[in-house]
Structure formats: structure tokens, C-alpha cells
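All remarks here apply to the structure that follows.
The values are calculated or read from the model by the stated rules, or taken from the named source; none is laboratory data. Note that the structure is predicted; figures quoted are calculated from it, not measured. Glycine also receives a Cβ, built like all others from the backbone with ideal geometry; neighbour counts cover every protein chain displayed. When the accessible area is computed, the model is the full protein with side chains, heavy atoms only, and any ligands, DNA or RNA have been set aside. Shrake-Rupley method; radii C 1.70, N 1.55, O 1.52, S 1.80 Å.
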Amino acid sequence: QVQFVESGGGLVQPGGSLTLSCAASGSIFSIVGMGWYRQAPGKQRELVAGMLRGGITNYADSVKGRFTMSRDNAKNMVYLQMNSLKPEDTAIYFCNALDLRKGNWGQGTQVTVSS
């Protein structure tokens, strides 16, 4: 299983932007699908973006048009560009394989959207 380490979170005002990064401890080339997940206080962890190795992406309705996921297989990195952030985007963000048997959860990175 691959271990992931997320970074790039922080405090941002509504309407602002952040780019999250996810570094994998091993090769992600063999992982067909990668995802970004988030967990808000008191809520279950949810999948917000998924990307297949060929580049096909899918987004939760709540972030569609605002978030963009990308992956660099050569660098074993996954990214999440987040624009037009809203207070309801506040959560801890994690990356992992879409098939959770392929990866281990990291600590996540906190994103707080507040004025």
C-alpha cells in the first residue's frame, strides 16, 4: 500500500483559492484511480474529486466547476486546485486511491474558509 502526505491547506477568505498537494511514498502509476476526500466536523468523509490514470475526472456536485484535480505520475504527486472557496468547503482534505485497498490514509490538511 502507498502512503500519502497532504499539504497546502490553510485559512482563506470566502472566494479565495488554495492548491493542495499530495505526495505518495511510492509509485502511483499503477493506481488506476486517485481521489481527494474531505471530512468536515461532525460529518462523514466524502469523495470530492476522482481521477483515473488516463485523465478522466469526476467531481462531487458541491465542488463541480470550482475544483480541479490533477496528477503527475512521474513525480508521484496529486493536486487539487480549489477556487471560489465557500465556508462549507471547510474540512480536512485527504488524498487516497479510489480503491482504498491500494493506499493508506495520511493526516490530511486542514482547509478553513472564513472571513
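A straight chain from THR112 to VAL5 at 0.36 nm per residue would run longer than the Cα-Cα distance by 36.7 nm.
Once backbone amide H atoms are built at 1.01 Å from N, GLY10 has VAL111, THR112 as its partners under 5 Å, excluding neighbours fewer than 5 places away on the same chain.
If R0 is 30 Å, what FRET efficiency do you get for ARG53 and ASN83 from their C-beta distance, rounded to 0.05?
Details: r = 25 Å, r/R0 = 0.82.
Result of the calculation: an efficiency of 0.75.
3J(HN,Hα) along the stretch 66-78, derived from phi through the Karplus expression 6.51 cos²θ - 1.76 cosθ + 1.60 where θ = phi - 60°, amounts to 10, 10, 9, 9, 9, 9, 10, 5, 5, 9, 6, 10, 10 Hz, with x in place of Gly and Pro.
So, with a 1.4 angstrom probe, what is the percent of accessible area on the stretch 11-50 that is carbon and sulfur? C and S atoms contribute 54 percent here. For ALA49, nonlocal amide neighbours, meaning residues 5 or more places apart or on other chains whose placed amide H falls under 5 Å from its own, are TRP36, ALA60.
Considering only alpha-carbon pairs that sit under 8 angstrom and 6 or more positions apart, the relative contact order computed for the stretch 34-115 is 28 percent.
Projected label points at LYS102 and LYS75, each 7 Å from Cα along the beta carbon direction, are separated by 2.0 nanometres.
In order along the stretch 97-105, phi translates into HN-Hα couplings of 5, 5, 8, 5, 6, 8, x, 10, 5 Hz, rounded to whole numbers, per the Karplus curve 6.51 cos²θ - 1.76 cosθ + 1.60 with θ = phi - 60° and x for Gly and Pro. The separation of the stretch 73-114 from the stretch 35-70, counted between C-alpha centres, amounts to 8 Å.
All C-alpha to C-alpha distances of the stretch 1-94, sorted into 5 Å bins beginning at zero, yield P(r) values of 3, 13, 26, 26, 18, 10, 4, 0 percent in whole numbers. Per residue, the stretch 1-108 exposes an accessible area of 52 Å² to a 1.4 Å probe, with every protein chain left in place.
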